[in-house]
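Written out below as structure tokens is the structure these notes cover.
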Amino acid sequence: MSTREFIAAWEELWPIQKKAAGWDVGPMLVLAGPGSGKTRVLTCRIAHILDSSRDKNFRILALTFTNKAADEMRGRVMNFVPGLEGRLFLNTFHSFCADVLRQHGTHLNINPNFHIYSQDADLLAVLNDAVEEAKKTSDVVCDLDKKTLPVIKRLKSLLILPENCHEVFEDPRFGERMFVVYPAYEAELTKRNALDFDSLILKTHQLFTKFPAFAKRYRTVYPYICIDEFQDTNHAQYALIRALTEDQHKNIFVVADDDQIIYQWNGASHKRIVEFRNDYSAEVLQLPVVFRCPPEIVELANNLIRHNFLRTSDKKPLEAFRSGPGPGRDTVRLLPVFPDFDAEAAGIARDIKDRHSPHLGSVVVLGRNRKLLQGVERALQREGLPAVISQRKDEFESTPFVWLHSILRLANDRQNRDHLEAVCGSFAQLAEVEVDFEDVVEQAQGSNLGYLQHWIKIVRQKSPNASVKEVINQASRYLGEGRDFREFNRLALDWFSNLAQVHQQSDRDPTIEVFTRYEEERSVWEELMREITESLGAEITLEAFLQELQMHSKEPSPKPNTVVLMTIHGAKGKEFAYVYLVGLVDDELPSFQSKQKGDNSPEMEEERRNCFVAITRTIKTLTLSYAEKYRGWPKKPSRFLFEMGVLNRRDEKN
């Protein structure tokens, strides 16, 4: 029985959207412009399939590129067809691959309990150790090879295995070195029981091609495949889908916009859409109506993007759903040119203060790079306006969650010295019980027990505090002897609450910032627990939880009434009432590197798509700005201002 929410959402679809959402079988490419309701179409399609097959047990595989997008879509589907979420895997490519490798990676000698390294700092440490080890047996390897991480990432994104890598380099001497370094890097990852992000895709593709029975099994379990933001797929991700579906399974539904390809550095390309149409003989449906933006913004976007040639030839121009002028005054504003960037940042801050003080949380400042955002952030702070630059955060910082994360990691990987050291250090701050991690390692030598049990034993001996002993007993019960990490998580959060209350009432040294950022990280932790459990199911294992947690950002939501600053890449997929786009000069947007490649280069077209993405985040007003000088160098107004029709060539200063 359909819920009222699903019935209402279905009835609100336009006929063309309803056609897409109601698509049954066969390959389908939906070309959806920004703000065209593609998320509603995709979630309605998934809900429609589940709702109309309640007596079936097949599952739907839905893939996207960010955890936030996956969580939002999953929430909508659960609201539309509650109780059927068990028949849906809706997550990122990397999460899907991690799930496959947990179940079947042993066929490639991958331990299901693997770690996922998501930070370059960790990968550089792996590469450093690999090069040092390789130098012992090879004369061709040198310290310069410690800088080849981008090369290894590129090789993996092209699905090139270590044993084949020497064939792809024009410089045979460099190829000879990589033929040693790349396998050494992989060996070091294996030694650490770890996979990097690129390995998740590479190894899953290898599994499906080396053991086709697994791909066949997944085709049977998932007769419906849906992919969001398909234009962002790189070669490896598309090859993974081809290996999964082969030629006999063509019931694949993808949503894409070749005008929003801004991850060319990661292998995204307009060619992927061409390949999909050719490989699957897909029917194409276009959703050009923009519900988000005022008509003035839609006009700018069309003016801009028509200068690109690397796009679908028969693509329809965007159409504005709204008619007439946009709401309020000055839907599109170009601020008077500033003498330099410092003046531009100050002017932006004053403008935001004058116009948007009552609703700062609806304002976003977009820039091509982080350096621009930092200048505006300082200017906003000088005006007394709360502001934050949005950025990925890979680790927890508050002492309670450093400890909780570390003890879960240690329970999962019981001989890991790094996790043990983090447990000892953070617990000493929390409970004032000092345990030298070297003492734990020494006691564990020759024992069948892991570091966690020995750490628990020492803490019991050292602490007379009843509440500390209770926490330690629970750690022993739920982590040392069992694997009920969710129950231990609940108990640990209760303990943190009690500690925080005592900490607030005490006269402790304020320089010991044990609970700094505790409240915001608690909300992040609880939200991630919910998201991951909903994604992977109530019976999620500790290793699956930790692997998934490693792939999520630990960035907190902005505080209310705070201006958010984001790079254009970070803003993709989002929308804001009031958008400020700063630094609109040649060498910033478009970038200096794209100018070097030439006016008609793929790099210049991608910069144009960056600008397209930025302006189409707008719900109400768009404010554009530029200055005459940046870092002391004179700059010309961005060519995109002229292409959009915001500036006329007669206005350009010589």
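Just the number, please: Stokes-Einstein D of the stretch 492-650 in µm²/s, Kirkwood Rh from C-alpha pairs, 10 °C, 1.306 mPa s.
On the way: Rh = 20.1 Å.
In µm²/s, the coefficient rounds to 79.
Can you pull the percent of the chain's accessible area that's carbon plus sulfur, 1.4 Å probe, other chains left in place?
Roughly 49 percent, rounded to a whole number.
Hey, with R₀ at 25 Å, roughly what FRET efficiency would ASP439 and ASN193 work out to, going by the Cβ-Cβ distance, to 0.05?
Result of the calculation: an efficiency of 0.50.
Please identify the trypsin sites (Lys or Arg not before Pro) of the stretch 387-419 that satisfy two criteria: DSSP loop assignment and at most 12 other Cβ atoms within 10 Å. Which are they?
Counting only loop positions with at most 12 other Cβ atoms within 10 Å, the trypsin sites (Lys or Arg not before Pro) in the stretch 387-419 are ARG392.
For GLN415 and ASN600, FRET efficiency with R0 = 60 Å and r from the beta-carbon atoms, rounded to 0.05?
0.60
Size of the dipole of the stretch 59-195 about the Cα centre, Lys and Arg at +1 and Asp and Glu at -1 on the beta carbon, nothing else charged, in debye to 20?
So the magnitude is around 600 debye.
Residues of the stretch 534-558 with backbone nitrogen within less than 17 Å of a virtual label 7 Å along the Cα-to-Cβ line of THR106, please, listed as ranges.
Inside the label zone: 541-544.
DSSP loop GluC sites (Glu not before Pro) in the stretch 536-622 with at most 14 other Cβ atoms within 10 Å of their Cβ, which ones?
GLU539
To the nearest whole percent, what portion of all C-alpha pairs in the chain is separated by more than 33 angstrom?
The calculated P(r) of the chain puts 55 percent of pairs beyond 33 Å.
Before I look further, what does the chain give for accessible area per residue, probe 1.4 Å, in whole square angstrom?
For the chain, the per-residue accessible area is 44 Å².
Percent relative contact order of the chain, based on C-alpha pairs within less than 8 angstrom and at least six residues apart?
After rounding, I find 18 percent.
Can you give the FRET efficiency for ASP120 and ALA500, using 1/(1 + (r/R0)^6), R0 = 45 Å, r = Cβ-Cβ distance, to the nearest 0.05?
So, using R0 = 45 Å, E works out to roughly 0.85.
Assign one of three labels to the stretch 272-386, namely rounded, prolate or oblate, based on the Cα gyration tensor with a ≥ b ≥ c the square roots of its eigenvalues; rounded applies when a/c is under 1.5, prolate when it is not and a/b is larger than b/c, and oblate otherwise. Spell out each step's value before the answer.
Numbers: a/c = 2.68, a/b = 1.94, b/c = 1.38.
Here the stretch 272-386 falls in the prolate category.
What is the antiparallel percent of DSSP beta bridges lying wholly in the chain, to the nearest 5? Write down the numbers at each step before the final one.
Values: 3 of 50 bridges.
Percent antiparallel among DSSP bridges in the chain is about 5.
Cα atoms only: what Rg and Dmax, in Å, come out for the stretch 525-618?
Expressed in Å, the Cα Rg and Dmax of the stretch 525-618 come to 18.9, 54.
Determine the shape class of the stretch 100-229: with a ≥ b ≥ c the square roots of the Cα gyration tensor eigenvalues, call it rounded for a/c under 1.5, and otherwise prolate if a/b is greater than b/c, oblate otherwise.
Values: a/c = 2.21, a/b = 1.84, b/c = 1.20.
Note, shape of the stretch 100-229 comes out prolate.
With the calculation restricted to Cα positions, what are the radius of gyration and Dmax of the stretch 274-315 in angstrom?
Computed over the Cα atoms of the stretch 274-315, radius of gyration and Dmax are 13.3, 38 Å.
Note the direction-averaged projected area, equal to a quarter of the hull surface, for the Cα convex hull of the stretch 339-481, in nm².
13.0 nm²
Tell me, what is the Rg over Rh of the stretch 1-113, with Rh the Kirkwood radius over Cα pairs?
Details: Rg = 15.7 Å, Rh = 15.4 Å.
Taking Rg over the Kirkwood Rh, I get 1.02.
If we sort 235-242, 6-13 on the protection proxy, mean other Cβ atoms within 10 Å, highest first, what's the order?
Final packing ranking: 235-242, 6-13.
Between the stretch 1-65 and the stretch 534-576, how far is it from one alpha carbon centroid to the other, in angstrom?
Between the Cα centre of the stretch 1-65 and that of the stretch 534-576, the gap is 24 Å.
In nm², what is the average projected area of the convex hull enclosing the Cα atoms of the stretch 160-317?
Dividing the Cα hull surface by four gives the mean projection, 12.8 nm².
Arranged from highest to lowest average of other beta-carbon atoms within 10 Å per residue, in what order do the peptides 94-101, 169-176 appear?
Per-residue Cβ counts within 10 Å, averaged per peptide and sorted highest first, yield 94-101, 169-176.
What percentages make up the Cα-Cα pair-distance distribution of the stretch 410-526 when the bins are 5 Å wide from 0?
Distribution as computed: 2, 10, 20, 23, 22, 14, 6, 2, 0 percent.
Separation of the stretch 436-484 and the stretch 379-419 by C-alpha centroid, Å?
Cα centres, the stretch 436-484 to the stretch 379-419: 24 Å.
Take peptides 340-346, 527-533, 627-633 and line them up by average Cβ neighbours within 10 Å, highest first, as a rough protection proxy.
Working: 340-346: 20.7, 527-533: 16.9, 627-633: 14.9.
Final packing ranking: 340-346, 527-533, 627-633.
Here is the link list: LYS68/LYS316; LYS18/LYS250; LYS38/LYS156; LYS469/LYS559. Which ones come out longer than 27 Å on Cα distance?
Beyond 27 Å between Cα atoms: LYS68/LYS316; LYS38/LYS156; LYS469/LYS559.
The values are calculated or read from the model by the stated rules, or taken from the named source; none is laboratory data. These numbers were taken from a predicted model, which means no experiment stands behind them. Backbone-built Cβ (ideal geometry, glycine too); neighbour counts: all protein chains shown. Surface accessibility is based on the protein's heavy atoms, side chains included, excluding ligands, DNA and RNA. Shrake-Rupley method; radii C 1.70, N 1.55, O 1.52, S 1.80 Å.
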